[in-house]
Every structure is written in C-alpha cells, then in structure tokens.
1. Tell me yes or no: at least one residue of the range 17-36 is surrounded by fewer than 20 Cβ atoms within 10 Å (Cβ to Cβ), part of a loop (DSSP other than H, G, I, E, B), modelled with pLDDT of 95 or more and small (Gly, Ala, Ser).
2. Answer with yes or no whether residue 115 is in a helix (DSSP H, G or I) and either without any contact (Cβ under 8 Å) to a residue 12 or more places away in the chain or in the same structural domain as residue 44 (by TED's automatic domain parsing) (or both).
3. Is it the case that residue 54 is out of contact with any Cys (no Cβ under 8 Å at 6 or more places or on another chain), touching a residue at least 12 places away in the same chain (Cβ under 8 Å) and surrounded by fewer than 14 Cβ atoms within 10 Å (Cβ to Cβ)?
4. I'd like to verify a number: residues in the range 112-129 that are surrounded by 14 or more Cβ atoms within 10 Å (Cβ to Cβ) and at pLDDT below 95, how many?
5. Filter the range 90-102 for residues that are over 10 Å from residue 70 (Cβ atoms) and at pLDDT 95 or above and give the result.
6. Within the bounds of the range 76-83, is there any residue that is assigned to a loop (DSSP other than H, G, I, E, B) and surrounded by fewer than 18 Cβ atoms within 10 Å (Cβ to Cβ)?
Amino acid sequence: MITQLSVFLENKPGRLSEMARLLQEAGVNIKAMGIAEAGNHGIVRMVVDNVDLAVKALQKAGMAVSKVDILAIDMRAGVYQISKILGDHEINIDYAYTGSGSIIFMKVSDEGKAYQVLKSAGVKVYDTI
C-alpha cells in the first residue's frame, strides 16, 4: 500500500502554490495529486516521494496534514474490472484519482482485503511507486 497525504487548504489564490513551494524547498516531489473543493476550503490529496519530509515541512508552516493508506493499482486492468472485483467483494471505493502513466490511486473501505482480492485476480497493485 501507498501512503497518501491530505492537506486542508483555504480555497483562495496562492494557497496551492505556497504548499507546492514548501514541498519543493524541502526536496519533496509530488508524484500524484487530486483536489476536492469544499466551499471555502479544499482538500489536496497527494502521493509524494518522501512522506516524512513532506509532513515536517507542511506542519512547520502550520498546515493541517494527515496520512492514510491507499492503493496504487495498474489501471490497464480496466476500471470496470477493478471496480467489479471490489464491488463483488463488498469493498467500497471512497475516492480515486490518477497519477502519471497507468496508475489509479484509490481509497477504499478495506485496503487489506482489496489488496488481496485484486492481487488474487491478477491485477497489479503496487507496493511502491
């Protein structure tokens, strides 16, 4: 499984660039990112190459950041096939976003079970990216 960071930001010009600058200055690269708007605020969900450095830099700047395990799945198996396997096993997809290449990142209701059923079905699930 992959660790995702979620950062709560005000929904106003410059906030995303400030977060990205902090990560760049800390030597952290963003590998994938999705943004969900929630009125006056937004949640930036991202996968980075150095979780610990990213958390330290963001918290030092006073940003609210949390970590959660997600799945990184080879999308070439097909979104239908992936979602059908998960649905057939009563695993809910909470949200998903894509990164570079053919990887889809998913937060699901049971990461361990999802990992096992997808692997058993021959779907490539990445342990690192």
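The values are calculated or read from the model by the stated rules, or taken from the named source; none is laboratory data. Everything quoted here is computed from the prediction, not taken from an experiment. Neighbour counts are summed over all protein chains in view; Cβ atoms, including those assigned to glycine, are modelled from backbone coordinates with ideal geometry.
1. yes
2. Values: in a helix (DSSP H, G or I): yes; either without any contact (Cβ under 8 Å) to a residue 12 or more places away in the chain or in the same structural domain as residue 44 (by TED's automatic domain parsing) (or both): no.
So residue 115 does not fit the description; no.
3. Considered against the rule, which asks whether it is out of contact with any Cys (no Cβ under 8 Å at 6 or more places or on another chain), touching a residue at least 12 places away in the same chain (Cβ under 8 Å) and surrounded by fewer than 14 Cβ atoms within 10 Å (Cβ to Cβ), residue 54 comes out as no.
4. Step one: of the range 112-129, the residues surrounded by 14 or more Cβ atoms within 10 Å (Cβ to Cβ) are 113-115, 117-118, 121, 123-125, 129.
Next cut, at pLDDT below 95 only: 129.
The total comes to 1.
5. Our first condition is that a residue be over 10 Å from residue 70 (Cβ atoms); within the range 90-102, this holds for 90-93, 98-102.
Within the range 90-102, 90, 91, 92, 93 qualify.
6. So in the range 76-83, the residues assigned to a loop (DSSP other than H, G, I, E, B) come out as 78.
Subsequent filtering for residues that are surrounded by fewer than 18 Cβ atoms within 10 Å (Cβ to Cβ) retains 78.
There is at least one residue in the range 76-83 that is assigned to a loop (DSSP other than H, G, I, E, B) and surrounded by fewer than 18 Cβ atoms within 10 Å (Cβ to Cβ).
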